[in-house]
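One structure is given below, encoded as structure tokens.
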Amino acid sequence: MAFDFLTADVEQQKQRTRYRARQCVAEQNGRHVKINDENYLNFSSNDYLGLNHHPEINLALLEGAQRFGTCASGSSLITGYSYAHQALENDICDWLNKANCLLFASGFSANNALMQALGHKSCQLYLDKLSHASLIDGALSSDAKVKRFLHNDMNQLQKFLTQCQQHSVDQVNATNNVIVSEGVFSMDGDQADVANLAKISQQHQALLYLDDAHSIGVIGESGEGSSSVADVDIVMATFGKSIATSGAFVACDNGLAEYLINFSRHYIYSTAISPALAWATKKSISIIQNEHWRREKIAELSQLLASKLTGNIPLLKNASSIHAIVIGDETATLNVCQKLRNKGIWLTAIRPPTVPNNSSRLRVTITASHEVKDINYLANCINEVIE
Ligand SMILES: *Cc1c(COP(=O)(O)O)cnc(C)c1O
């Protein structure tokens, strides 16, 4: 029969315990989530700074809707680019100390767009092995050669770049190299060695592209993310995580911005983001810059969790909001997750193909909305459930 694969492939997922279904969330904030009429402590939220439902951001959304409308009514190159977008872009440029900034409908779209734009046939893209799906898809659909280096393995990256340099000595045109990584990695919460990446990219005249989806707001004195660590050529970040709205930005120099405006199909053929939301995003960023206590609280509560878990719990420690407890087996991980759910704790089991085989894990996210007693309860429950 035609389209047999639709049901056959889903059936196969069920047999491999990889079937996925959605949960309809009735209410949530960075601390609680209500699902199927049950209340849970929420440890699976990307609202790291606890800014969702913030009254000032809500008010800015309303004001933005009244001044600029809920809809951009066009793509940025037609009549969709408004004062709300421009003001937001300017604030981001100041925040990250970049000359230019463009807004995209989502982080997925921005990564795709940039990998395709930088993936000219004269280019070689070097991606960290654990790069987000949107980076990999974008790179593979580009005209560039793509190489993936082992996660955070700076020696292998150096080796690849040196080989490429020797290769291009014989050619008339040098290869354009782009190094692609993430400020904070989504599954383990560990950081790239950004200072070293910047040094390597300078040595080889490569461009450094960082996906700061999980660093923006959380890392850096005023939440500016990876730009706080070193000079990064191109920074992409989503508004959908710590910034608590929706959409994404790419901050870069004027030359690349102009190229994108002229050639990026994702930018040209997509409606500009809602100007009301752009206005709300601008407010959110100003709160992020000023309210340092939100970042400090994440750090304090993360330390508390690490100190309360018993020694045998395999927690990956790091400076972000994301803390992984690697269990390994998929079924065992799902069982632990279910036991925690019975105790009123909602966190996510991350399984292949999102992570490599036999590295299924619990992903705990700590937000600025959590309280000390929440972390104590979480640690006690995990200690009890994992022996
Ligand atoms: C969430 C995420 C994205 C996608 O951003 P959206 O705005 O949700 O599309 C891109 N990269 C990484 C690393 C992410 O975690």
Output for region 193-233, where each listed residue is β-branched (Val, Ile, Thr) and within 12 Å of the ligand (Cβ to nearest atom): Ile216
Residue that is surrounded by the fewest Cβ atoms within 10 Å (Cβ to Cβ), among those in region 12-68 that are of a type in the set (Lys, Arg) and not in a helix (DSSP H, G or I): Arg22
Qualifying positions in region 234-255 - surrounded by fewer than 22 Cβ atoms within 10 Å (Cβ to Cβ), under 15 Å from Val178 (Cβ atoms), away from the ligand (no atom under 16 Å from the Cβ) and not small (Gly, Ala, Ser): Asp253
Subset of region 115-140 (residues that are touching an Asp or Glu at 6+ places or on another chain (Cβ under 9 Å), among the aliphatic types (A, V, I, L, M) and more than 10 Å from the ligand (Cβ to nearest atom)): Met115
Single condition Ala8 does not satisfy, out of (1) in a strand (DSSP E or B); (2) surrounded by fewer than 18 Cβ atoms within 10 Å (Cβ to Cβ): (1)
Conditions (1) within 13 Å of the ligand (Cβ to nearest atom); (2) farther than 25 Å from Thr238 by Cα: number failed by Leu161: (1)
Residue within region 170-192 that is among the polar types (S, T, N, Q), within 13 Å of the ligand (Cβ to nearest atom) and touching a Ser or Thr at 6+ places or on another chain (Cβ under 6 Å) present: no
Residue check for Lys283: basic (Lys, Arg), within 15 Å of the ligand (Cβ to nearest atom) and either farther than 18 Å from Asn112 by Cβ or at pLDDT 95 or above (or both): no
Single residue of region 43-69 satisfying the filter (more than 25 Å from the chain's Cα centre (by Cα) and not hydrophobic (A, V, I, L, M, F, W, C)) that is nearest to the ligand (Cβ to nearest atom): Gly64
Candidates Pro356, Pro352 - the one that is under 27 Å from Leu130 (Cβ atoms) and free of Cβ contacts under 8 Å to residues at least 12 places away in the same chain: Pro356
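The values are calculated or read from the model by the stated rules, or taken from the named source; none is laboratory data. Keep in mind that what you see is a predicted model, and the values were worked out from it rather than measured. All Cβ positions, even for glycine, are placed from backbone atoms using ideal geometry, and neighbour counts span all protein chains on display.
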